[in-house]
Structures are given as C-alpha cells and as structure tokens.
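Structure, as structure tokens:
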Amino acid sequence: MDNSHIFKSCTLCPRMCSADRTSGKGYCGAGDRLIAAKAYLHKWEEPCISYKNGAGTVFFSGCSLHCVFCQNNTISNELFGTELSAAELADVFLRLRDQGADNIELVTPTHFVPLIIDALDMVRHKLGIPVVYNSGGYELPGTIAMLNGYIDVYLPDIKYFSPEVSQRYCNAPDYFERASEAVLAMTKQVGKLKFNSEGGLIKGTIIRHLVLPSNRHDSMEILRWIAENTPKDSVLVSIMNQYTPFDFISNDFPELRRRVTKMEYNSVIRCAADLGLDGFTQERSSASDKYVPDFDLSGLK
C-alpha cells in the first residue's frame with residue numbers, strides 16, 4: 001500500500017495538524033517511519049488480555065496527546081525508539097506469536113495506523129491470535145474505520161470528561177467529545193464481548209480510565225456516560241489506580257504531585273458498582289514505577 005498521500009498531510013488523529021510527515025514531524029512527534037521502543041510478553045494487563053503467557057505487546061513511540069503526567073514519557077514525549085519497516089514489524093508479530101503471546105497488543109498506534117495495516121496484511125492470515133488496539137482514546141472515526149477487519153479487541157482510555165481538565169493536562173479541550181465518539185465507533189465495529197475457553201478476550205472493547213488526584217468527580221462523569229451510552233454486552237471497564245507522580249511533572253501541576261488517595265479511588269469504584277458496570281479494578285500497590293516497562297528496544301530486531 002502506498003501511504004505517502006496520508007503522511008503528506010496527516011489527519012490521522014483529532015489534532016488534524018496536516019503536517020507533511022514525509023519531510024518533518026506531526027504533532028505526535030513522528031515522521032513517516034514507524035518507531036517502536038519494545039516488544040515483549042506483557043503479563044500485567046487486564047486478566048482477560050494477559051491470561052496465560054502475556055500479551056504480545058509492541059510499544060510505539062510518539063503520541064498525539066502528550067499528557068503532562070505520562071508514565072511512558074520516555075517514548076511518548078521524548079520519542080525514544082528505533083525505526084522499523086512494515087516487514088520488520090510483521091516479523092515482530094510472528095516472533096511474539098511463536099513465544100506464546102495471548103494476542104498482539106499495539107500500544108499508542110494511532111499515528112502509525114497505515115504502516116501497521118501494511119504489516120498486518122503480510123501476516124494476519126497466519127497469526128492465529130487476536131489483535132488488540134491499545135490507545136489513549138483520542139481518535140477519529142475515520143481512522144477506526146481503516147482498522148475494520150484488522151482489530152479484534154479495542155482497549156481505549158477515556159481519560160478526561162471536563163474540557164477544562166483535558167485542556168490543562170493535554171491541551172485538548174475536545175478530548176471527551178472525540179474519545180466518546182471513537183469508543184462508540186469501536187464498540188459498533190467489533191461488537192459483543194467474546195471469550196475463548198481459557199477466559200481470554202478475543203472480541204470486544206475494554207474502556208480504561210486512570211483515576212487522577214483531585215479529579216474523582218471527573219472520573220464519575222465518565223463512568224455515568226459509559227453506563228448510559230455503551231452496550232453492556234460489548235464493554236468492560238478497567239478502573240486504574242496506578243497513577244504515579246513522577247519527578248518530571250512540572251510544579252505548574254501541584255495537584256498531580258501526589259498519589260491518588262484511598263478515598264478518591266474507592267469513591268470511583270463505588271460509583272461504578274452503583275452504575276452496574278462490569279470490569280476490573282487495581283490494588284493501591286499498582287501506583288509504582290516498577291510497572292513502567294524498561295524501554296530497551298528488546299524484541300524489535
């Protein structure tokens with residue numbers, strides 16, 4: 001597939017920056033060459049994603065959000081990684097399959113979707129395991145439509161509800177509008193939740209939400225929207241407690257320089273239970289830098 005026309009004036013994400021990524025970089029920080037930082041069996045995803053040997057996870061570099069607290073800052077904002085051709089990425093997928101991966105998990109893939117499709121075209125007929133699309137949720141329905149037939153499980157975040165909060169943390173006041181629209185497109189595309197005999201999710205959508213300090217009411221608004229607008233037979237909700245106040249977070253965000261309290265997290269969990277949402281929660285011990293991968297380029301070449 002000739003992707004040059006897509007990268008000549010890039011509109012893959014809601015930033016719609018129209019950058020010529022063949023000669024420069026988009027808002028995401030990336031050009032027209034695929035960059036990744038690690039590929040390995042990730043054993044700490046939701047139980048139905050990493051249910052046996054672990055998800056075959058590929059971390060892509062760059063991001064259209066640039067959240068001020070991102071735990072993967074090294075790759076999302078600093079763009080650490082190595083270039084891969086579509087053929088090399090296809091080989092990565094096959095190696096992960098051969099290692100016993102429960103699925104192929106694409107992490108922050110939005111800005112490389114055309115190249116990922118090229119790679120999947122080379123090998124999806126022989127993968128034999130689901131493909132998972134793990135994104136920050138800031139997506140366009142048109143980009144999701146490109147993935148029809150390629151993705152089995154969507155794993156989007158819905159990070160923010162309030163435009164003021166998303167403006168403050170990622171300079172995207174339209175975040176919820178775009179993410180909610182994208183999630184509906186995802187659920188419509190892949191349909192009802194479907195599991196294999198070992199409890200692994202092979203079709204459907206898991207919506208993730210990271211609870212942030214001083215933002216529990218924003219979290220609750222997101223949960224109310226999910227309960228009112230998404231089909232219960234197609235969606236699980238993963239409420240995360242892993243927020244970690246890293247040293248790089250600016251003093252301009254004093255509210256983010258602490259962990260989420262037990263009261264904050266438990267109040268969000270109670271809200272989800274009251275709304276009848278099904279899914280996953282995390283222990284408080286998840287809020288640790290030990291869960292941040294070592295982006296060492298392993299598994300890529």
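The values are calculated or read from the model by the stated rules, or taken from the named source; none is laboratory data. What you see is a predicted model; the values in this text were computed from it and never measured. Cβ: placed from backbone, ideal geometry, glycine included. Neighbour counts: every protein chain shown.
Would the stretch 96-105 turn up any residue that is among the polar types (S, T, N, Q) and part of a helix (DSSP H, G or I)?
Of the stretch 96-105, the ones among the polar types (S, T, N, Q) are 99, 103.
Adding the requirement that they be part of a helix (DSSP H, G or I) leaves none.
Among the residues of the stretch 96-105, not one is among the polar types (S, T, N, Q) and part of a helix (DSSP H, G or I), which makes the answer no.
Would it be correct to say that T108 is at negative phi and under 15 Å from the mean Cα position of the chain (by Cα)? Outline the logic, then answer.
Details: at negative phi: no; under 15 Å from the mean Cα position of the chain (by Cα): yes.
Against the criterion (at negative phi and under 15 Å from the mean Cα position of the chain (by Cα)), T108 does not qualify.
Return the residue satisfying two criteria in turn: it lies in the stretch 31-53 and is touching a Leu at 6+ places or on another chain (Cβ under 7 Å) and in a loop (DSSP other than H, G, I, E, B), and of such residues it is nearest to L94 (Cα to Cα).
N53
Is it the case that some residue within the stretch 70-87 is part of a helix (DSSP H, G or I), within 18 Å of Y138 (Cβ to Cβ) and of a type outside the set (A, V, I, L, M, F, W, C)?
yes
Under 30 Å from M263 (Cβ atoms), surrounded by 18 or more Cβ atoms within 10 Å (Cβ to Cβ) and modelled with pLDDT of 95 or more - does that describe any residue in the stretch 186-203?
No, that holds for no residue.
Go through the stretch 148-162 and report how many residues are within 16 Å of I202 (Cα to Cα), out of contact with any Ser or Thr (no Cβ under 6 Å at 6 or more places or on another chain) and either touching a residue at least 12 places away in the same chain (Cβ under 8 Å) or buried (at least 24 other Cβ atoms within 10 Å of the Cβ) (or both).
Matching residues across the stretch 148-162 total 6.
Pull up the stretch 144-176, narrow it to residues that are part of a strand (DSSP E or B) and of a type in the set (A, V, I, L, M), then point me to the one that is farthest from the chain's Cα centre (by Cα). Before the answer, list the steps.
First, pick out the residues of the stretch 144-176 that are part of a strand (DSSP E or B): 153-157.
Among the residues that remain, those that are also of a type in the set (A, V, I, L, M) are: 153, 155.
Details: V153: 11, L155: 6 Å.
Here the residue is V153.
With the checklist (1) outside any loop (DSSP other than H, G, I, E, B); (2) buried (at least 16 other Cβ atoms within 10 Å of the Cβ) in hand, flag the one item I249 doesn't pass.
(1)
Within the stretch 213-246, how many residues are of a type in the set (D, E) and part of a loop (DSSP other than H, G, I, E, B)?
Within the stretch 213-246, residues that are of a type in the set (D, E) and part of a loop (DSSP other than H, G, I, E, B) number 1.
Residues to consider are R270, R208, R224, R258; find the one that is among the charged types (D, E, K, R), surrounded by 17 or more Cβ atoms within 10 Å (Cβ to Cβ) and at negative phi.
Result: R208 is the single residue among R270, R208, R224, R258 that is among the charged types (D, E, K, R), surrounded by 17 or more Cβ atoms within 10 Å (Cβ to Cβ) and at negative phi.
Is it true that some residue in the stretch 262-277 is outside any helix (DSSP H, G or I), in contact (Cβ under 8 Å) with a residue 24 or more places away in the chain, closer than 22 Å to L155 by Cα and within 22 Å of the chain's Cα centre (by Cα)?
The answer is yes; a qualifying residue exists.
Can you pull out the residues in the stretch 56-86 that are surrounded by fewer than 24 Cβ atoms within 10 Å (Cβ to Cβ), hydroxyl-bearing (S, T, Y) and free of Cβ contacts under 8 Å to residues at least 60 places away in the same chain?
Scanning the stretch 56-86 gives a single hit, S85.
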